[in-house]
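The values are calculated or read from the model by the stated rules, or taken from the named source; none is laboratory data. Here the structure is a predicted model, which is why all the values come from computation and not from measurement. Positions of Cβ are generated from backbone atoms using ideal geometry, with glycine treated the same way; all protein chains shown enter the neighbour counts.
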Amino acid sequence: MVVVAMSVDKRRTRTLKDYPLKNTGPVIYWMGREQRASDNWALLYAQELALNLKRPLVVIFTLASGYLDATLRQYSFMLDGLKETSISLEKKNISFALLVGDPPAKAALFINKTNACSVVTDFEPLKIKEAWKKKVAKNISVAMFEVDARNIVPCFFVSPKQEFGAYTLRPKINRILLEFATPYPALKKHPYKYSGAKKGDPFAKAAASLKIDESVKPVNWVEAGESAAKRTMKYFIKEKLARYPDAKNDASKNALSYLSPYLHFGQISSLTVFNEVKKSCTPQDAKDAFLEELVVRRELADNFCLYNKNYDSFDGLPDWAKKTLVKHKADKREYLYSLKELEYAKTHDALWNAAQLEMVNKGKMHGYLRMYWGKKILEWSKSPEDAIKIAIYLNDRYELDGRDTNGYAGIMWAIGGLHDRAWGERDIFGKVRFMSYNSQIKKFNFKEYIKNVPIS
DNA sequence: ATCGGCTCGCGCAA
DNA sequence: TGCGCGAAGCCGAT
């Protein structure tokens, strides 16, 4: 077959299954965490393959019950976004199929049944996703590619190992950032129609068959989906970005982008945000401060989860931190709270309780307080192992952006010194950085913050 | 209000 | 081998 030059950078792609391209059924994009029709390198790559082969393009999404203990809150945000995406895809003559059940089994079955000519999926370093992909690759006889459509600089290309800190990854990203920060081509109206599409609304049926924890309710202050994500981005750039450097660590000020749920579900691409921020009329220091978090810190979290498969447990911490935490494991805890006491915000610390309630009731905790929140869980739990488990449980249960590489890296930073340096030794924390209640309340108007936290 | 020390290890210069 | 410096701090001295 003729190999045509592709506009998606080859360094963004990896081969998961080496097999000659066929010329039979559709090209399939198995959509994972990049849940959007626009500005999606994985989808664009799949479309280019399909155009070259002159075949239809089908996007499939595999929907599992209780994925990593997600609750109705996250499912509802995700499905609302997917509905909008599926409509956008259909408008481009790209078919969308929602497959309910065991993801790798359902995906492989669909690929085999439709006699697909190749399969594209998006990059995500979580263990469960890697296991799914491996299983699918084993059970199909067709080429399968993976595209990093999340990071601006592809994660597996920028570094071959776990980076020690932001300062070791930053220069590697910056050296090649502009090579990868290219504008997105538009998704084309696909000229070859897929004839096997099922009639009817797949979402109604799927919702009925899902078995998920419904005790954590959806939140109504934020709208899901690609167009809401773009509106949120534009509002942030226009109204809040200029004061971001001064106000970002102040939980009583409304200065954050509120983009993390959208970024988590891939309803917006960080490169889209990057390009919009760059071309905005905002002081350079504000752009720099925001882009550091949008690019370096987010991509550092993916780097961590890609190269450290203990990203969600004590074993994944750096050696110096494990050593010092073990040394202080038996230190007396002045306060010791059970999971339920923490979950219901019944501690002696009004600031911590407020942050916890903000998360439980809103699905989003202020970014700066997430650090304080995590460090106090270490201080009040019987071991660092327990603290990590509890923090991940609460984060994944209540945050809209739970189960994100950023969530794991953030918790490991707070509790276990990941990507951080050693500091003065003290009880429980050892040499892991400590944060104190007294310093926090001196830094910002916490009464104002607490006043605005939704208490139910 | 501001400053230095705390303390570890990577990466680069020499 | 030495040295600078880092993902968001704390504390005590001045």
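A quick yes/no check of all residues on (1) of a type outside the set (A, V, I, L, M); (2) within 16 Å of DNA strand B (Cβ to nearest atom); (3) on the phi < 0 side of the Ramachandran plot; (4) touching a helix residue (DSSP H, G or I) at 6+ places or on another chain (Cβ under 7 Å):
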position: A:E334; (1), (2), (3), (4): yes, no, yes, no
position: A:Y344; (1), (2), (3), (4): yes, no, yes, no
position: A:L351; (1), (2), (3), (4): no, no, yes, yes
position: A:L357; (1), (2), (3), (4): no, no, yes, no
position: A:V360; (1), (2), (3), (4): no, no, yes, yes
position: A:G363; (1), (2), (3), (4): yes, no, no, yes
position: A:R370; (1), (2), (3), (4): yes, no, yes, yes
position: A:W373; (1), (2), (3), (4): yes, no, yes, yes
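Give me a count of the residues in region A:309-348 that are of a type in the set (A, V, I, L, M, F, W, C) and either closer than 19 Å to A:R433 by Cβ or in contact with a strand residue (DSSP E or B) (Cβ under 6 Å, 6 or more places away or on another chain) (or both). Of the residues in that region, 6 qualify.
Within the option set A:A149, A:A97, A:A50, being modelled with pLDDT of 95 or more, under 22 Å from A:S195 (Cβ atoms) and buried (at least 22 other Cβ atoms within 10 Å of the Cβ) holds for one residue only, A:A50.
Loosely packed, with under 13 Cβ neighbours inside 10 Å, outside any loop (DSSP other than H, G, I, E, B) and within 11 Å of DNA strand B (Cβ to nearest atom) - does that describe any residue in region A:161-172? Yes, the conditions are met somewhere in region A:161-172. Criterion applied to A:S270, A:S227, A:S313 was being buried (at least 18 other Cβ atoms within 10 Å of the Cβ), modelled with pLDDT of 95 or more, within 22 Å of the chain's Cα centre (by Cα) and among the polar types (S, T, N, Q), and the one residue passing it is A:S270. Whenever a residue of region A:200-226 is in a loop (DSSP other than H, G, I, E, B), its partners that are at pLDDT below 95 and loosely packed, with under 15 Cβ neighbours inside 10 Å, lying with C-beta atoms within less than 9 angstrom and at least six residues away or across chains, give the pairs A:L210/A:S65; A:L210/A:G66; A:K211/A:S65; A:K211/A:G66; A:I212/A:S65; A:I212/A:G66; A:W221/A:P454. I'd like the residue in region A:391-450 that is among the acidic types (D, E), surrounded by fewer than 16 Cβ atoms within 10 Å (Cβ to Cβ) and away from DNA strand B (no atom under 11 Å from the Cβ) and, out of all such residues, is nearest to A:S381 (Cα to Cα). If we take residues in region A:391-450 being among the acidic types (D, E), surrounded by fewer than 16 Cβ atoms within 10 Å (Cβ to Cβ) and away from DNA strand B (no atom under 11 Å from the Cβ), then A:D427 is nearest to A:S381 (Cα to Cα). Checking the structure you have, find out if any residue of region A:404-416 is under 23 Å from A:K129 (Cα atoms) and in a loop (DSSP other than H, G, I, E, B). Yes, region A:404-416 contains a residue that is under 23 Å from A:K129 (Cα atoms) and in a loop (DSSP other than H, G, I, E, B). Does A:I128 satisfy the criteria of being in contact with a helix residue (DSSP H, G or I) (Cβ under 9 Å, 6 or more places away or on another chain), under 30 Å from A:P26 (Cα atoms) and away from DNA strand C (no atom under 16 Å from the Cβ)? Answer is yes for this residue. Please verify whether A:A251 is without any contact (Cβ under 8 Å) to a residue 24 or more places away in the chain and surrounded by 16 or more Cβ atoms within 10 Å (Cβ to Cβ), treating the condition exactly as stated. For A:A251, the condition - without any contact (Cβ under 8 Å) to a residue 24 or more places away in the chain and surrounded by 16 or more Cβ atoms within 10 Å (Cβ to Cβ) - is not met. Figure legend. Inter-residue proximity from region A:402-414: first residues free of Cβ contacts under 8 Å to residues at least 60 places away in the same chain, second residues within 16 Å of DNA strand B (Cβ to nearest atom), beta-carbon distance below 8 Å, spacing 6+ or different chains. Indicated pairs: A:W413/A:H419; A:W413/A:D420; A:A414/A:K375.
If we only count helices (runs of 4 or more DSSP H) wholly inside region A:291-367, which ones have 2 or more residues that are within 14 Å of DNA strand C (Cβ to nearest atom) and under 23 Å from A:T405 (Cβ atoms)? Spell out how you get there, then give the answer.
Working: elements: A:298-307, A:319-327, A:339-343, A:350-362.
Those helices (runs of 4 or more DSSP H) span A:298-307, A:319-327.
Do we find that A:I237 is modelled with pLDDT of 95 or more, β-branched (V, I, T) and either in a loop (DSSP other than H, G, I, E, B) or exposed (fewer than 15 other Cβ atoms within 10 Å of the Cβ) (or both) in this structure? Taking the combined requirement at face value, the residue does not satisfy it. Does A:N139 satisfy the criteria of being of a type in the set (S, T, N, Q), more than 16 Å from DNA strand B (Cβ to nearest atom) and touching a Ser or Thr at 6+ places or on another chain (Cβ under 9 Å)? So A:N139 does not fit the description; no. Among the residues here, A:V277 qualifies as hydrophobic (A, V, I, L, M, F, W, C), within 28 Å of A:N174 (Cα to Cα) and touching a residue at least 40 places away in the same chain (Cβ under 8 Å). Look through region A:178-200, keep the residues that are of a type outside the set (F, W, Y) and crowded, with 17+ Cβ neighbours inside 10 Å, and return whichever of them is nearest to DNA strand B (Cβ to nearest atom). So the residue we want is A:L187. Taking first residues from region A:165-177 that are on the phi > 0 side of the Ramachandran plot and more than 11 Å from DNA strand C (Cβ to nearest atom) and partners that are β-branched (V, I, T) and at pLDDT below 90, no Cβ contact under 7 Å between residues at least 6 apart in sequence or on separate chains turns up. In region A:151-160, of all residues being part of a helix (DSSP H, G or I) and more than 17 Å from the chain's Cα centre (by Cα), the one that is farthest from A:F274 (Cα to Cα) corresponds to A:F157.
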